[in-house]
1. Condition test on LYS245, is it free of Cβ contacts under 8 Å to residues at least 24 places away in the same chain and among the basic types (Lys, Arg)?
2. Taking LEU240, is it part of a helix (DSSP H, G or I), surrounded by 15 or more Cβ atoms within 10 Å (Cβ to Cβ) and away from ligand 1 (no atom under 15 Å from the Cβ)?
3. Please identify the pairs in which a residue from segment 94-106 that is more than 14 Å from LEU80 (Cβ to Cβ) has its Cβ atom under 9 Å from the Cβ atom of a residue that is near ligand 1 (Cβ under 6 Å from one of its atoms) and in a loop (DSSP other than H, G, I, E, B), counting only partners at least 6 apart or on another chain.
4. For segment 128-162, which positions are closer than 20 Å to THR108 by Cβ, within 12 Å of ligand 1 (Cβ to nearest atom) and not in a loop (DSSP other than H, G, I, E, B)?
5. Does segment 113-128 contain any residue that is at pLDDT 95 or above and either within 29 Å of LYS238 (Cα to Cα) or within 12 Å of ligand 2 (Cβ to nearest atom) (or both)?
6. What's the total number of residues in segment 54-105 that are within 22 Å of GLY166 (Cα to Cα) and away from ligand 1 (no atom under 11 Å from the Cβ)?
7. Can you tell me which residues in segment 199-223 are outside any helix (DSSP H, G or I) and not acidic (Asp, Glu)?
8. If you check LEU267 against the conditions, is it assigned to a helix (DSSP H, G or I) and either in contact with a helix residue (DSSP H, G or I) (Cβ under 9 Å, 6 or more places away or on another chain) or away from ligand 2 (no atom under 16 Å from the Cβ) (or both)?
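The values are calculated or read from the model by the stated rules, or taken from the named source; none is laboratory data. This is a predicted model, so every value here is computed, not measured. Cβ: placed from backbone, ideal geometry, glycine included. Neighbour counts: every protein chain shown.
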Amino acid sequence: MQNKIVDAALKAMLYEVTVNPKPGLVDPVTNGSHHDMNVFTFIDSTLSLRSYFEAVVKCGKDFSGENLQELFLKIRPLGLEAEKNMFNATHQVNTHKGVIFSLGILATAASYTESNSTLSTENIVAVVKAMLLDLTKNDFRSLAEKSKLTAGEKQYIKYGFTGIRGEAEAGFPTVMNIALPFLRKTNGEISQRLLDTLMVILVNLEDSNLIKRAGNADILIEVKKKVQQYFECLDKKKFLRQFDKNFTDRNLSIGGSADLLILTIFLGLLENIL
Ligand SMILES: CC(C)(COP(=O)(O)OP(=O)(O)OC[C@H]1O[C@@H](n2cnc3c(N)ncnc32)[C@H](O[C@H]2O[C@H](COP(=O)(O)OP(=O)(O)OP(=O)(O)O)[C@@H](O)[C@H]2O)[C@@H]1O)[C@@H](O)C(=O)NCCC(=O)NCCS
Ligand SMILES: Nc1ncnc2[nH]cnc12
């Protein structure tokens, strides 16, 4: 089945991993701070998710209920199955867990929007917000009873950061209000446009992957300074190669920012600006 939403989702993941040099992340030139994966792992992971995106697009298209929270409940088990497929395809490495969640939601919302109104970013956001009403309240409600907490859950308890769940529930404000408007204004070489967009995301996000690897949230202050230097410097590629080396030496990575770049590319593809 050829479908433009499924194609945009898969393309967005492949575009993101292709962009280089990225600080601490996997790209075709270096594996950054990720010793257990490389660009081929990301290609395998991406292709393993085709049937998931086809399934969520079908769910969005077929949904006829009144309450869009039910649509989210319908896709969550599909997301769990997709996580299993991803881990099988990658020899148990986490490449796209965050994206299975966030891009799965966006693809579902895009498909529902296409079937029920005009496919525009604004309409997609409204559907996302309705699908995820009370998500953080519900997801974080029973943390005290859980024996093993994820990085995102630990950071919620320690700092009150709601991570990718909060970002999604609010309709992905970092993507919608910052990254996508920025990308729309860029022109020229696609790789440079996407690197600039990644830096804009990085400076605006509490990236739980970065905080987890750094051990505390002070890293966000350092990163803000780095991104400011990036936008002031003359040779951006050289700056990014050094930034990548510095992060790789310190085992730091920005998986959450990479995920939001994927979401931004996805919407950019649907808007035909890429
Ligand atoms: C809601 C879920 C995403 C589950 O969340 P969970 O609580 O399990 O995990 P989190 O720690 O909250 O984060 C999940 C991933 O989301 C990405 N991310 C984190 N912060 C942000 C942010 N602020 N904005 C956007 N995205 C964010 C991040 O994914 C990327 O990094 C990954 C590598 O991360 P990780 O494995 O933690 O770290 P490493 O250090 O690299 O690994 P080690 O070598 O140390 O092992 C990479 O995959 C990127 O994609 C976070 O990882 C959702 O999964 C969920 O709902 N789970 C419950 C089950 C379910 O219902 N699933 C179906 C959902 S449809
Ligand atoms: N290029 C990349 N490297 C590491 N983690 C990621 N998560 C999403 N994209 C990634």
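1. The answer is yes for LYS245.
2. yes
3. LEU103/HIS96
4. Hits for segment 128-162 are MET131, LEU135, THR136, ASN138, ASP139.
5. No, segment 113-128 contains no residue that is at pLDDT 95 or above and either within 29 Å of LYS238 (Cα to Cα) or within 12 Å of ligand 2 (Cβ to nearest atom) (or both).
6. Count: 6.
7. Listed by number, the residues that qualify are LEU205, GLY215, ASN216, ALA217.
8. yes
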